[in-house]
Amino acid sequence: MTTTTLAKGPTSAETIHGQKELLLPSMLHLYKEPLVLSEGQGVRVRDPEGHEYLDLFSGILTTSVGHCNPKVVDAVTRQMKTLGHVSTLYATEPQVEAARKLADIAPGALKTSFFTNSGTEAIETALMMACLATGRSEIIGLRVGYHGRSFMATSVTAHSGWRPLATPVAGIKHAKSPNPYRCPFKQPCDDTCVDKFVDDLEEVIVTTTNGRPAAFIAETIMGVAGYVVPPAGYFERAAEVIRHYGGLLVIDEVQAGFGRCGDHWFGIQHHGVDPDIMVMAKGIANGWPVGATIATEEVANAWKGKTISTFGGNPISMAAMCATQDELRDHDAPHNATARGEQLRSALLEMQGRHPWMGDVRGMGLMQAIEIVKDPETKEPDKERTSRLMEATREEGVLIGLGGLHGTVIRIGPSLLISEDEMAEGISKLERAVDRVG
Ligand SMILES: Cc1ncc(COP(=O)(O)O)c(C=O)c1O
């Protein structure tokens, strides 16, 4: 691990002490002892003691154009000196420009945006919008899906560890997760299973709702679930089913959006389906708090009541978003994600050949995961080995994430601008950790 000398500030131990004393204890950390970070540049971050880490998780797939990207820093600094805040009661050019950039790259007829401060709020906006546009109130989500931390978002989330309340918002039901690795219908999962997953969605609608759902909401790659990639054909058929029952298709691109899956700007474009409403956050503004909900004009115009957001569409956040989008476009992020994703995936598959506990290697573009199991036949999740691997990667100086229902899926998702050499360096650090654990 590389170490550099830094200006004197609080030590890691002091920060951890403060965190334990003053912050909500239920906040998740990835290691036995929390890792304190104090500086970042590009794909590298450092702790207060000067230890450097290659960041392959980018603050949960968020620093899409790298830590402290100079173009984003410049845009934010300029905007801070010009106009810092007005609220949505006033029109500003940065907000219009940000909406124009989204409309330019969004699929189908998606055109009208509303900006918030997080993915959670953008999900709330999308579901409210779907209910207003249809005059209905029941929502179908997917089991093991994750959509945020509010009352409504935890209710549409179907992952016990992320659902603190026993009595969630009423009127939300969950269909089977289209997870090929753990397909309940057939092993190995094949094309015939798509029909069965879609039949299950339809059965949920006709048996557990009044048959008039407002919307079906799904992530194109299920992020917190451990990068579960629904099989080809699933979204096309699911869209037919929800529309047959008069509901809208709401697509959550909070993790998968902005080139992350490779080749296209959004995950849903790999499936040739146009959503009625789409939700974005995380990598949209390189770490500035921006959530966005975009809808067709028809759907958006159904919102007749008043709405404001004090901080949503804030000029500084919008300037950060515009600069981030320009960087993603100028560096052709979707194609870099494809190339660097292939580099990473072939290395992971090679490691899997040596280590049968790497039960599944999956993902698209720069969203690649390893599911860790005790035995590739039984697929029993291996928490103990996962925890050892997390500690080993920290010691080797590389940051990765965790996910999956049992917390046994390694998630990798670096900056979309990562170079070939940086990826090679990350792979060799990861490989050393994997071999140590093996
Ligand atoms: C797919 C998905 N949707 C929504 C959210 C909520 O976003 P936020 O944490 O910004 O509220 C997340 C966060 O991880 C997410 O992964």
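No lab work stands behind these numbers, since they all come straight from the coordinates. The model shown is predicted, which means the values in this text are computed figures rather than measured ones. Neighbour counts run over all protein chains shown; Cβ positions are idealised from the backbone, glycine included.
Counting every other Cβ atom within 10 Å of each residue's Cβ, Arg411, Arg212 order from fewest to most as Arg212, Arg411.
Would you mind classifying segment 231-362 by shape? Square roots of the alpha carbon gyration tensor eigenvalues, ordered a ≥ b ≥ c; an a/c under 1.5 is rounded, otherwise it is prolate if a/b is larger than b/c and oblate if not. It is oblate, given that a/c is not under 1.5 and a/b is not larger than b/c.
Look at the Cα gyration tensor of segment 70-330: its axes a ≥ b ≥ c give a/c of at least 1.5 with a/b over b/c, and that counts as prolate. In this label model, Glu350 and Ala232 are separated by 2.7 nm, measuring between points 7 Å along each Cα→Cβ vector. The order of Val96, Val43, going from fewest to most other C-beta atoms within 10 Å of their C-beta, is Val96, Val43.
Ranked by the mean number of other Cβ atoms within 10 Å per residue, highest first, peptides 397-408, 25-36 order as 397-408, 25-36. Structure remark: mean-square fluctuation, Gaussian network model of the chain, C-alpha springs under 10 Å; the largest value among Lys383, Lys282, Lys111 belongs to Lys383. Under 18 Å from a label point 7 Å along Cα→Cβ of Glu420: give me every residue in segment 351-373 with its amide N that close. Backbone N within reach: 366. Simple rule: put +1 on each Lys or Arg Cβ and -1 on each Asp or Glu Cβ in the chain, find the dipole, and look at Thr324, Trp162, Thr82; the Cα lying farthest toward the positive end is Trp162. Length gained on full extension, Glu33 to Asp195, computed as 0.36 nm times the residue gap minus the Cα-Cα distance: 53.8 nm. Kindly identify segment 102-248 as rounded, prolate or oblate by the Cα gyration tensor criterion: order the square roots of the eigenvalues as a ≥ b ≥ c, call it rounded if a/c is under 1.5, otherwise compare a/b with b/c, prolate if a/b is larger, else oblate. Because its axes are fairly even, with a/c under 1.5, segment 102-248 counts as rounded. For segment 70-330, the Cβ-based charge dipole about the Cα centre amounts to some 700 debye (Lys, Arg positive; Asp, Glu negative; other atoms uncharged). Given +1 at the Cβ of Lys and Arg, -1 at the Cβ of Asp and Glu and no other charges, the dipole of the chain around its Cα centre is 940 debye to the nearest 20.
Think of it as helices only: each DSSP H run of n ≥ 4 in the chain is worth -39500 (n - 2.57), and spread over all residues that comes to -12000 deg cm²/dmol at 222 nm. Sorted fewest first by neighbouring Cβ atoms within 10 angstrom, Phe114, Phe258 come out as Phe114, Phe258. Normalised by the number of residues in the chain, the average gap of Cα pairs under 8 Å and 6 or more apart makes the relative contact order 22 percent. Checking the cross-link pairs Lys173/Lys196; Lys282/Lys383; Lys111/Lys304; Lys101/Lys282 against a 21 Å limit on the alpha carbon distance flags Lys282/Lys383 as lying beyond it.
In summary, the convex hull built on the alpha carbon positions of the chain has an orientation-averaged projected area of 20.8 nm². Using the alpha-carbon positions of segment 79-157, Rg (one decimal) and Dmax (whole number) come out as 15.4, 46 Å. Computed packing ranks the peptides 301-310, 184-193, 156-165 as 156-165, 184-193, 301-310, most packed first, by mean other Cβ atoms within 10 Å. Only one residue of Ala130, Leu23, Ser58 has its Cα farthest out toward the positive end of the dipole of the chain, where Lys and Arg carry +1 and Asp and Glu -1 on Cβ, and that residue is Leu23.
Membrane-span-like helices in the chain (whole DSSP H runs, Cα extent of at least 18 Å along the helix axis, mean Kyte-Doolittle hydropathy of at least 0.5): 119-134.
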